[in-house]
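To start, the structure itself, in structure tokens.
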Amino acid sequence: MVVGVTYLSPGRKEFVIQSETGSKLIIDKVLKKLLAAEKEESRPKVERQFALTGANYRFTLIGQENCSSGEAYVLEVEPRREDRFLYRGRIWVDAGDFAVVRLKAEPAKNPSFWTRKADIDEVYAKVSDFWLPARNHSVTAIRLGGHADLTIEYTNYEITDAGQVNSLATPPTTLTAETTRAQKE
């Protein structure tokens, strides 16, 4: 399946299926459900519930490594609750930008009765000033035997300029004197 995606801030993803080949069953029951889950997860309210923050995870620094993007901190991440959108595993955080550059994990909760275990390996790349997904590879053990191997390659990013972004965003809030004072302290 080849899918074009447009992300509009805040939190709206639009998917356009450009082509699909292979098993109709896999396309309808797996890949299209994966797109629906991705769309749901990107909504701002849902995104906050599962963001990589201290409210959702416990972090433990376990070391440093040199990655393809440069020096990175390696952290163990443990979810604070069981949920299909949270995960447990490791993240690599760029030492200069403090952005996640890699994630190796498994879901905190099985996303489906049909799966026993899923291993996820995501790699991010810097595009302009943004760290964006470059590759997602997951291997899932299927309850009735066998496994599913899914690879997503993210390519052809187009970053809009600030003028285009500002026209999409909500009007900026005005800082009050109290807010300005608090920022100076």
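The numbers here are math on the coordinates, done by the rules we state, and not lab data. Computed from a predicted model, the values in this text were never measured in an experiment. Note: ideal-geometry Cβ built from the backbone for every residue, glycine included; neighbour counts use all protein chains shown.
If each residue of separation counts as 0.36 nm, what is the full-extension length gain between PHE113 and ARG84 once their alpha-carbon separation is subtracted?
9.3 nm
Expected output is a single nm value to one decimal: the length gained when fully extending between TYR7 and LEU34, i.e. 0.36 nm times separation in residues minus the C-alpha distance. What is it?
Extra length available between TYR7 and LEU34 comes to 8.1 nm.
Between LYS45 and GLN18, what is the spin-label point distance in nm, taking each point 7 Å from the Cα along the Cα→C-beta axis?
Result: 3.3 nm between the two label points.
Would you please state the base-10 log of I(q)/I(0) at q = 0.09, 0.13, 0.19 1/Å for the stretch 1-136, with intensities from the Debye formula using one equal scatterer on every alpha carbon?
After summing over all Cα pairs, the log10 values are -0.31, -0.66, -1.33.
Hey, which of these cross-link pairs are over 23 Å Cα-Cα: LYS39/LYS109; LYS45/LYS109; LYS24/LYS45; LYS32/LYS109?
Check vs 23 Å cut-off fails for LYS24/LYS45.
For TRP131 and ASP149, compute 0.36 nm times the residue count separating them, minus their Cα-Cα distance, and round to one decimal in nm.
In short, 4.0 nm is gained.
Please list, ordered by chain and number, the residues whose modelled amide H lies under 5 Å from the amide H of ALA99; skip anything fewer than 5 residues away on the same chain.
Long-range HN contacts for ALA99: ASP94.
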